[in-house]
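Asks: My questions will all concern the structure given below.
Please treat every number below as a calculation from the coordinates, not as lab data. Here the structure is a predicted model, which means the values were calculated and not measured. Backbone-built Cβ (ideal geometry, glycine too); neighbour counts: all protein chains shown.
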Amino acid sequence: METSQYLDAVRANASLMVDAARRAGAGAPVPTCPEWTVADLAAHQGRVFRWMSAMVEGRSAEFIHPKTVGELPDGEDPIEWLAAGADRALEVLGQADPDAPVWNWLDRGPGPARFWHRRMAHEVAVHRADAEAAAGRTEPTPVTPAELASDGIDEYLHLLPLRAGGDLPAELTGSWHFHTTDAAGEWVVVVGDGGITITREHAKADVAVRGPASDLQYCLYNRRGVDGLEIFGDPARLAAWRERIRF
């Protein structure tokens, strides 16, 4: 996808997130993040916006700890702090050279800044769903277009080895096939003694999950249930995935 499409997604979902957070109120619990209130959610996303902005604007070749660049000041409204952070992030991403080298997790060092356009598009879509849940919505607003949600699944899966580390439980050993039905997207994930491998292909697996891209993305992120998804194989294995792999 083009960086302009990611930027549009950040803009749209940040606006929806702020609106939902305001409807819910800072003290409302976040059902999809049980230990958080909306204030916690807003502080987290506001800090991520500021951290990313510092990394990209400064073209940092080294990791910068998020807590060193942006904490919610005492007495400041967390939702308005979130909104200001979104404005800053959009300004920085809009001005950034997508090919400029900036540190990221995937390259484990400097890589093209477009990584952060993509990362923020999917980060905000997921946390927008959290804000909507806090505001009383039982199903998140779908990620559109479907190609964006499919891209979000691709990013989620390819970051999985970094996020999960090497300490995956034995019940996740095996193969998994994820398939989107409204946009191009098929992946096979194999979990074994050698770690996690991900390929983009159509192949048989121990468990297969098939459905609309947005529903599948939010299911993998534990922001919705499995309703409307086709599951082939043992449903308990999908339940174990959702229980053990949580972001």
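Asks: Please work out how much length the chain gains when fully extended from GLU57 to ASP19, using 0.36 nm per residue of separation minus the C-alpha to C-alpha distance, in nm with one decimal. Please list the in-between numbers first.
Replies: Numbers: separation 38, 0.36 × 38 = 13.68 nm, distance 2.69 nm.
Taking 0.36 nm per residue and subtracting the Cα distance, the gain is 11.0 nm.
Asks: Measuring from label point to label point, each 7 Å out along Cα→Cβ, what is the LEU106 to THR173 span in nm?
Replies: My value for the distance between the label points is 3.1 nm.
Asks: Among 148-157, 81-90, how do they line up by average Cβ neighbours within 10 Å per residue, starting with the highest?
Replies: Details: 148-157: 22.7, 81-90: 21.0.
Ranking, from highest mean packing down: 148-157, 81-90.
Asks: So which helices of the chain fit the span-like rule, where a helix is a whole DSSP H run, its Cα atoms reach 24 Å or more along the axis, and its mean Kyte-Doolittle is at least -0.5?
Replies: On the way: long enough: 3-24 (31 Å, -0.11); 38-57 (28 Å, 0.27); 78-95 (26 Å, 0.31); 114-134 (31 Å, -0.72); 146-164 (26 Å, 0.16).
Helices meeting the criterion: 3-24, 38-57, 78-95, 146-164.
Asks: Could you size up the charge dipole of the chain around its Cα centre, putting +1 on the beta carbon of Lys and Arg and -1 on that of Asp and Glu, and report it in debye to the nearest 20? Don't jump to the answer; show the numbers that get you there.
Replies: Details: 24 positive and 37 negative charges, 32 e Å.
It comes to approximately 160 debye.
Asks: Taking 0.36 nm per residue of sequence separation and subtracting the Cα-Cα distance, how much length would be gained by fully extending the chain between ALA239 and ALA184, in nm to one decimal?
Replies: 17.3 nm
Asks: Above 33 Å lies some portion of the pair distances; for the chain, what is it as a whole percent of all C-alpha pairs? Before the final figure, lay out each step's value.
Replies: Values: 5514 of 30381 pairs.
Of all Cα-Cα pairs in the chain, 18 percent lie more than 33 Å apart.
Asks: Would you kindly compute the Cα radius of gyration of region 3-134 and its largest Cα-Cα separation (Dmax), both in Å?
Replies: 14.3, 41
Asks: Could you give the size of the charge dipole of region 3-134 about its Cα centre, using +1 on the Cβ of each K and R and -1 on the Cβ of each D and E, expressed in debye and rounded to the nearest 20? Don't skip to the end; give the middle numbers.
Replies: Numbers: 13 positive and 19 negative charges, 63 e Å.
My answer is approximately 300 debye.
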